[in-house]
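What follows draws every value from the coordinates through simple rules; no lab data is involved. Every value quoted in this text rests on a predicted model; they were computed, and no experiment measured them. As a convention, Cβ positions derive from the backbone with ideal geometry for all residues, glycine included, and neighbour counts pool all protein chains shown.
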Amino acid sequence: MDQQLLGKSKLGIELAKQINGEIISADSMQIYRDMNIGTAKVTLEEMQGIKHYMIDFVSPEERYNVSEYQVQAEKTIEEILNKGKTPIIVGGTGLYIDSLIYGIEFQKEEFDEEYRHELEKKANLEGLSVLYEEAKKIDPRAMEKISPNDKKRIIRVLEIYHKTGKTKTQQEIESRKNEVKYNYHVFAINMEREMLYERINKRVDLMIEEGLIEEVRNILKKYKTFPTAMQGLGYKEVVEYLENKITKEEMIEKIKLETRHYAKRQLTWFRKNKQTIWLNGEDEVEKNIKIIRETID
């Protein structure tokens, strides 16, 4: 499995060993139990004795949102600091990271179940692209970070506007008024696009070999509903394949394409973040650790 333990996971573990750290995941899919292969979840063996938090603790049947993540992650940061250790947040879910480094205050609002069903019905009858275009008209800035296939986040943009009359972008700007409690340093691994895409293609092939299709079959058998989990990258495409909507080859190509798009959006997010300190390629672990240690010291 060492092939999979690349990039941020490997760097995070090696860094934790050197600076007496523990790791908090900032990955919106690794939170789910039984979703291991498709999320490239770090195994117990790969953790090498470094404690990891915020992984594998939510049922695929449950809804889980960024405000819940923020509360739990901040409690976990305190827990790690109280042990005299250094919290290391590892992951690429931009909104999760934003919630911590900007002290975003999220609105405690209930979603409108009836309106959500209306949107889902519309997506099924008219196509998700119709909702995507509606959301784009309402909040073009937010939609820059959202894939045309990301049903969950498209619907969320529309829900926020329906409920509050404000766009998601407006809400985020207004909510970034709290003083940030900690001195965060943000690091991102730089890589040439060609090499990144090659790594993505290999990783998807490896996931299929390791049993991603069987993993999804087992989840579909075990759980009744999947309000958020099955919208995850890699999972929704396998569901389409199992429902005979696409061929296996189409499924694999679709996962690769969507993963490349997702990686591009992640890089865009880190480039827009002025705090970001860029590291060398993911194979340069020791050099990257040196940069990080010099920065935090």
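Rounded to the nearest 20 Debye, what is the dipole magnitude of the chain about its Cα centre when Lys and Arg each give +1 and Asp and Glu each give -1 at the C-beta? Walk me through the intermediate numbers first.
Numbers: 50 positive and 54 negative charges, 119 e Å.
For this selection, approximately 580 debye.
Efficiency by 1/(1 + (r/R0)^6): what FRET value for Glu46 and Ile101, r their Cβ-Cβ distance, R0 = 25 Å, to the nearest 0.05?
Numbers: r = 26 Å, r/R0 = 1.06.
Efficiency at R0 = 25 Å is approximately 0.40.
Could you list His162, His117, His52 so that the one with the fewest beta carbons within 10 Å of its beta carbon is first and the one with the most is last? Display every interim value, and only then the final one.
Values: His162 15, His117 10, His52 22.
By the 10 Å Cβ count, ascending: His117, His162, His52.
Would you mind getting me the FRET efficiency between Tyr182 and Glu214? Use the beta-carbon distance for r and R0 = 35 Å, nearest 0.05.
Values: r = 41 Å, r/R0 = 1.18.
My answer for the efficiency is 0.25.
Taking the number of other C-beta atoms within 10 Å as the exposure measure, put Tyr69, Tyr64 in order starting with the fewest.
Numbers: Tyr69 23, Tyr64 17.
Listed from fewest to most nearby Cβ atoms, that is Tyr64, Tyr69.
Which order do the peptides 231-238, 19-26 come out in when sorted by mean C-beta neighbours inside 10 angstrom, highest first? Show your work: numbers first, answer last.
On the way: 231-238: 23.0, 19-26: 20.6.
Final packing ranking: 231-238, 19-26.
At R0 = 30 Å, how high is the FRET efficiency between Ile291 and Asp34 if r is their beta carbon distance? Nearest 0.05 is fine.
Details: r = 36 Å, r/R0 = 1.22.
Rounded to the nearest 0.05, the efficiency is 0.25.
Could you work out how much longer the chain between Ser67 and Glu253 gets when fully extended? Use 0.36 nm per residue separation minus the Cα distance between them, nm to one decimal.
Details: separation 186, 0.36 × 186 = 66.96 nm, distance 3.35 nm.
Gain on extension, Ser67 to Glu253, equals 63.6 nm.
Hand me the GluC sites (Glu not before Pro) from the range 238-297 located in a DSSP loop with no more than 10 other Cβ atoms within 10 Å, in residue order please.
On the way: sites: Glu240, Glu243, Glu249, Glu250, Glu253, Glu258, Glu282, Glu284, Glu286, Glu294; in loops: Glu243, Glu282, Glu284.
Counting only loop positions with at most 10 other Cβ atoms within 10 Å, the GluC sites (Glu not before Pro) in the range 238-297 are Glu243.
Suppose each label sits 7 Å from its Cα in the direction of the beta carbon; what would the Gln170-Lys17 distance come out to in nanometres?
In this crude label model, Gln170 to Lys17 measures out at 5.1 nm.
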